[in-house]
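Read the structure below first, then the notes.
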Amino acid sequence: MAYPLVVVAGPTAAGKSKLALQLAQQYQGELISADSMQIYRHLDIGTAKPSLAEQELVPHHLIDVAEVQDDFSVFKFCQLVDQVVPEIIQRGHLPIVVGGTGFYVKVLLGLQPLDFGPSDPQAVAKLSKRSLPELQALLQENPATNNLDRKNRQRLIRAIQIQNGGQVNPADRPQYDYWAFGVNRPRPELYDRINQRVLKMMAAGLEDEARWLFEMGGPDLQAGKAIGYREFFPYFEGKRDLEMVVSLIQRNSRRYAKRQLTYWRHQIPGLQWVDAQDSLKAVGTVMTAPDGPLAKVKNVSGKYH
């Protein structure tokens, strides 16, 4: 049995969260975040996390499930989603995955093998005692590691674990019958929204949030690699002024949006692009079709919307 699943994707600031919330309200849905940074507690502004008021409107999942000191993997993401989707379906509700981390979505949908097994603390401790050259020597050459930063001990250790851990059998995971939608806007409009969003984040207290992360060990944390935080760290060390920080966050966010667009277009088969201005109507037509996701939820759960 394949579980029906709706995916709302797209670049940052395009409006995918707004569309997903509207769909959830209109079609008895529950939202599942596919954002690799919204999983961290206390990182609210820089991750554009849904407000508490928005979270009270419909159930949200995979938000605030980790501490900033934690390393969070695609394996853990899929593990949590695989648990929550059947529960949502049993309630007769529609699971809606929303977020910009395309790799998470690709692996979740079974479009790429899940080979990021759970971290073994003992193995990590043993590998952590090895020198950087020793770790580099342990990592075998293969296409998946061509772009790996071989001076990053944390990533080397993780890659070695993946290398030694094999793949997860697809038969051991739920199968998903998915409908994927990409929200987009004209490029100039999208970039302007990104620039304005950064200014709003600054006004909302992004600097204080970034400083807290910095004091928690930001540069050495996985959470500290996120755009919107990492640009602040040299500023806190007196190496960069605030104006430059804002400019870099805007620039890096625009570049990230461009990479997201490229990824979604080439990595998620069947993804339907919808214009942000008409997205609810366009997606609604598919949702209510006789063979659409709502009908599939009813068939699987036996419950009517």
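Tabulated values for the structure
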{"read-out": "Subset of region 170-196 (residues that are among the basic types (Lys, Arg), more than 30 Å from Asp291 (Cα to Cα) and surrounded by 17 or more Cβ atoms within 10 Å (Cβ to Cβ))", "value": "Arg193"}
{"read-out": "Which listed residue, of Glu54, Glu87, is free of Cβ contacts under 8 Å to residues at least 60 places away in the same chain, within 20 Å of Ala14 (Cα to Cα) and surrounded by fewer than 18 Cβ atoms within 10 Å (Cβ to Cβ)", "value": "Glu54"}
{"read-out": "Complete set of residues in region 209-224 that are of a type in the set (Gly, Ala, Ser) and buried (at least 17 other Cβ atoms within 10 Å of the Cβ)", "value": "Ala210, Gly218, Ala223, Gly224"}
{"read-out": "Every pair of residues 6+ apart whose Cβ atoms lie under 6 Å, when the first sits in region 58-82 and is without any contact (Cβ under 8 Å) to a residue 60 or more places away in the chain and part of a loop (DSSP other than H, G, I, E, B) while the second is hydroxyl-bearing (Ser, Thr, Tyr) and buried (at least 18 other Cβ atoms within 10 Å of the Cβ)", "value": "Leu62/Ser33; Ile63/Ser33"}
{"read-out": "Extreme residue, surrounded by the fewest Cβ atoms within 10 Å (Cβ to Cβ), among residues of region 227-242 that are among the charged types (D, E, K, R) and under 21 Å from Ala13 (Cβ atoms)", "value": "Arg230"}
{"read-out": "All positions within region 12-46 that are of a type in the set (A, V, I, L, M), outside any helix (DSSP H, G or I) and free of Cβ contacts under 8 Å to residues at least 60 places away in the same chain", "value": "Ile39"}
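Here, each number is a calculation from the coordinates, and none is a lab measurement. Quantities reported herein were computed from a predicted structural model and do not represent experimental measurements. Because the Cβ atoms are built from the backbone with ideal geometry, glycine has one as well, and the counts that use them run over all protein chains shown.
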